[in-house]
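These notes concern the structure reproduced below.
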Amino acid sequence: MARRDWRRLDESDVRVRPGKGSRPRSKRRPAHADAVPAMVVSVDRGRWRCAVDADPGSVVTAMRARELGRTPIVVGDQVRLVGDVSGKPDTLARIVGVEERDSVLRRTADDTDPFERVVVANAEQLLIVTSLADPAPRTGFIDRCLVACYTGGLQPVLCLTKADLATPDGLLASYADLEVPFVVTRHDRDVPELIDVLHDRVSALVGHSGVGKSTLVNRVVPEAGLATGEVSAVGKGRHTSVSAVALPLPGGGWVIDTPGVRSFGLAHVTPDEVVAAFPEFAEAAEECPSNCGHLGPPDDPGCVLDDVVTSGAARRSRLVSLRRLLASRAGTDS
């Protein structure tokens with residue numbers, strides 16, 4: 001072109017890239033009527049493993065569609081997929097939609113961190129795994145997990161391990177008034193009660209490192225080691241112990257194994273959200289002064305929850321349990 005006679009060029013020879021302002025804009029998005037439902041079973045560095053129709057035998061790798069932007073997608077989310085959903089090697093589907101969540105397990109790094117993290121979505125119950133000895137049970141951690149359940153829409157279940165080392169009676173007594181279901185296990189016996197609790201349900205497990213959570217998972221999901229190994233191959237080699245993964249139970253249902261946590265921050269939870277989980281106190285709490293923490297005197301001298309107990313509409317032990325949870329949320333528990 002440089003050697004051509006420029007006098008012979010016309011407008012058809014001009015190549016101009018249109019600016020962004022000249023491009024037609026539309027808010028219309030594809031309907032994706034052919035999208036198929038799936039459940040997210042693992043997440044690793046920009047790739048999601050999804051079970052089509054929640055079928056553990058039909059798992060595909062997917063990426064997030066551009067139109068979703070930075071929409072958070074976590075294990076347990078129900079999504080819609082388009083593209084290649086065959087699951088064959090080197091294939092990739094696209095996540096084009098995320099359904100509304102029925103429940104969420106949230107936490108913050110600590111009580112001063114304003115950024116909340118969704119750990120698991122759509123779990124029906126949370127098994128709070130706690131060892132009875134070695135390490136000793138930490139009731140503060142249990143209380144915080146209970147708060148997360150009550151405010152996130154999950155059913156809490158106490159799962160007490162290492163019963164061969166200590167008796168569970170004292171710990172269970174301290175949660176009797178909260179009517180929390182429980183299951184007790186030991187390493188030298190089968191766990192039929194635990195399998196019954198998990199059967200045909202989506203259950204998340206949470207616990208400190210060393211309490212026996214991984215041992216339980218391996219006992220109820222015989223191929224758990226193989227499954228987590230497959231997950232690690234999805235991303236770029238990150239170890240699977242730092243991310244949640246959903247594992248199918250042989251008899252039906254899913255177990256979502258979460259990484260061991262050092263702390264369970266509740267900066268995102270308000271006192272009123274905790275009280276709302278206690279029907280006998282929820283209505284009366286609306287009469288409390290603004291910003292009441294519902295801890296009672298001397299912290300909250302105007303709290304009216306004591307009047308509910310005085311009137312006989314609730315048991316004193318229930319209020320004590322509620323305020324213990326509130327103190328744990330506020331970081332003032334002993």
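The values are calculated or read from the model by the stated rules, or taken from the named source; none is laboratory data. No experiment lies behind these values; they were computed from the predicted model shown. In this analysis, Cβ positions are derived from the backbone assuming ideal geometry, glycine residues included, and neighbour counts consider all displayed protein chains. What goes into the accessible areas is simple: the full protein's heavy atoms, side chains included, and nothing from ligands, DNA or RNA. Shrake-Rupley method; radii C 1.70, N 1.55, O 1.52, S 1.80 Å.
Odds and ends about this structure:
- A 1.4 Å probe over all protein chains sorts 213, 162, 88 by accessible area into 88, 162, 213, starting with the largest.
- Candidates 289, 268, 220 compared by Cα position along the dipole of the chain: farthest toward the positive end lies 268, with charges placed on Cβ.
- Whole-angstrom gap from the stretch 140-159 to the stretch 74-94, using each part's C-alpha centre: 31 Å
- Using alpha-carbon coordinates, inclination of helix 139-152 to the longest axis of the chain, degrees: 50 degrees
- Heavy-atom surface of the chain, accessible at 1.4 Å and reported per residue (Å²): 55 Å²
- Taking the chain as a Gaussian network of alpha-carbon nodes connected by springs under 10 Å, the highest mean-square fluctuation of the residues 290, 317, 203 belongs to 290.
- For the chain, the carbon plus sulfur part of the accessible surface works out to 49%, probe radius 1.4 Å.
- Isolated cysteines in the chain, defined as those with no second cysteine Cβ under 4.7 Å, comprise 50, 145, 149, 159, 303.
- Prolate/oblate/rounded call for the stretch 289-334, Cα gyration tensor, a/c under 1.5 rounded: oblate
- Using alpha-carbon coordinates, inclination of helix 316-330 to the longest axis of the chain, degrees: 40 degrees
- Percent of Cα pairs exceeding the 34 Å cut-off, where the set is the chain: 38 percent
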